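Just below is one structure, and these are the notes that go with it.
All of the numbers you see were taken from the coordinates with simple rules; none came from a lab. Since the model is a prediction, treat every value here as computed from it, not as a measurement. Please note: Cβ atoms are built from the backbone with ideal geometry, for glycine as well, and neighbour counts cover all protein chains shown.
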Amino acid sequence: MAVCRIIETGATPEEYERVRNELAVGDGPPPGSSLHVAAVGDDGKIRIVEVWDAREQAEAFGDKVRETRERLGVGAGRPPQVTYFEVHTDRRS
């Protein structure tokens, strides 16, 4: 079942780019994800909205991201807040 997740990363845009580069994700969404949007909040921190085919895929990728964040010292001691939602409809064209 498809899921949407919203991530309050606590990371700056520069930190976000360092993590993405380290993960070698490229310009598209991570494998298993059909949508990845990163936006900057008023506080200068990145929020992410993703749509995944399955929660297990999202969590597996999240584990890789956490390991990379820890290795790079991004958000030290502050794990991101992640909220999952079951996708009701997907009307992207």
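The table below lists the values:
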item	result
Degrees, to the nearest 10: 13-23 long Cα axis against longest axis of the chain	70
For the chain, built as a Gaussian network whose Cα springs stay under 10 Å, the top-fluctuating residue of Asp27, Asp42, Asp63	Asp42
Candidates Thr83, Thr68, Thr12: whichever shows maximal mean-square fluctuation once the chain is modelled as a Gaussian network with Cα springs under 10 Å	Thr83
Between 0 and 90°, nearest 10: helix 55-72 axis offset from the chain longest Cα axis	10
Separation of the Ala39 and Asp63 label points, Cα + 7 Å toward Cβ, nm	3.1
In nm, spacing of pseudo-spin labels at Asp53 and Asp90 (7 Å Cα→C-beta vector)	0.9
